[in-house]
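Throughout, read-outs are computed from the coordinates displayed, never taken from laboratory work. Computed from a predicted model, the values in this text were never measured in an experiment. Every residue, glycine among them, receives a Cβ derived from its backbone with ideal geometry; neighbour counts consider all protein chains shown.
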Amino acid sequence: MSAVHWGLLLLGLFGLLTSSIYLGMVLLGARRFRVAALREEACLGRQPEFLPAISLFKPLHGDEVGLESNLRTFFEQDYLQHVAAAGEVTEENGVSRVEVLFCARSEADEGLEIARRVAAYYPEITTRFVASGAPWAANAKVCSLAAMAKVATHDLWAISDSDVRVTPDYLRRIVMPFSDEQVGCATCLYRGLVMKGGLWSQLEAVGMTIEMSSGICADSLVEPVQFALGPTMVTRRERVAEMGGFESMAEYCADDFVLGNWIAKNGHKVVLSGHAIDHMVLQADFIDSMKHQVRWMKSTRFSRPKGHLGTGLTFGVPFGVIAWAGALMLGMPVLGWCALACSVLGRSVQALVVGKYVVREKRILAAMILFPVRDLIGALTWMMSYASNRIQWRGEIYELIDGGRMRRASGSRTNLATNRFASDHERR
């Protein structure tokens, strides 16, 4: 039995070592990100400012909590004012310099109705409404993107989800990298902001804010950015055409990863902006939140299998618990409690640095308290991601296959009206 106890202790201490190395990488990456973000901010507003014409793509699917407020933030940009201040035209051939495109499956979609109501308050911005019809491929969001691409006027495209909110300088920030012709894609980090729910939603939000951002900070020390993040993806028309149009991505679950990855593989730069936006968290209870997070983990497992496998060595608190248990069983309580305390302290420091200096989270104390708990849940969802290759999305069951593609599982159709797990976020 003592061999088992020693095994637990050694496993826990090994995990604490690997997660501490990871923490060091996160802190170094965070410092690099902060320096680049401050440099980017210093350039903002300098004349002549780079303000190209841009089309915003907003795929919609029904109403959701806070949708109207989310959409308003995209119309309340200071972009056109800066264009006018620079002495440039804000409208050409009847189309404004900023064009907003909304797409849903049908003209009667509730989300599309809300978008029309919001757009009516901003007549100076050209707005188009598109109905894509029933999805013709597994990824309904990509089907909507393909429909909007056919009617987009401008050649610079910004794609963002309906559950995000942005500040008035958002557009000016995300277009800055495209003054360099070698840049093919830009993306930005995001903070989780709870709109509905209690503790479980808070834990999911801190995962978005700290865990996801930490991984990107650490990755930045190893390789250039080769992916995009769904809440904001900016690219050029010709880059999408070069990869075969959005249609070429329609069978992939992680369309954001695929877009950035393919553009990078085609020899173009992918840039991570120093700007961060708010991502609304809508999962209200434990089951909804866990289903969403496991689906996210499974998608990463198939899109980046090696990186996902290595993620298991980055969770600190689970290894702290294992070391604590092993040490207590071996009669070494001081070592056990020190190991556990160090693991919790490390995750709190991670939340402080990433939250304050990378994504500028306002609720730093809450993040520092919740993130060690989130670290435990993250390890659980990571393990669950290996349980099967099936995910539930938009009320149907899909199988994930090599490369991150998905196919509908036979006999998988479920009833959206009775399926309590089919959240608005999953059906989009």
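Partner lysines whose Cα lies under 21 Å from the Cα of residue 196, excluding those fewer than 8 positions away in the same chain, are identified as 291, 362.
Within the chain, helices built from complete DSSP H runs that reach 27 Å or longer along their own axis (Cα positions) and carry a mean Kyte-Doolittle hydropathy of -1.0 or higher are 2-43, 333-357, 364-384. Taking a straight line from the alpha carbon of residue 298, these aspartates and glutamates sit under 12 Å away, with near neighbours fewer than eight places off in the same chain left out: 399, 402.
Among 95-108, 18-31, the peptide with the highest mean count of other Cβ atoms within 10 Å heads the list, and the full ranking is 95-108, 18-31. Entry for the chain at q = 0.07 Å⁻¹: log10 I(q)/I(0) = -0.35, Debye formula applied to identical alpha-carbon scatterers, no solvent contribution.
For residue 356, no lysines have a Cα closer than 22 Å to its Cα, not counting residues fewer than 8 places off in the same chain. Lys and Arg at +1, Asp and Glu at -1: add these up for the other residues within a Cβ distance under 12 Å of residue 252 and post the number. Local net charge: -2. For the chain, relative contact order (Cα pairs under 8 Å, six or more residues apart, normalised by length) works out to 22 percent.
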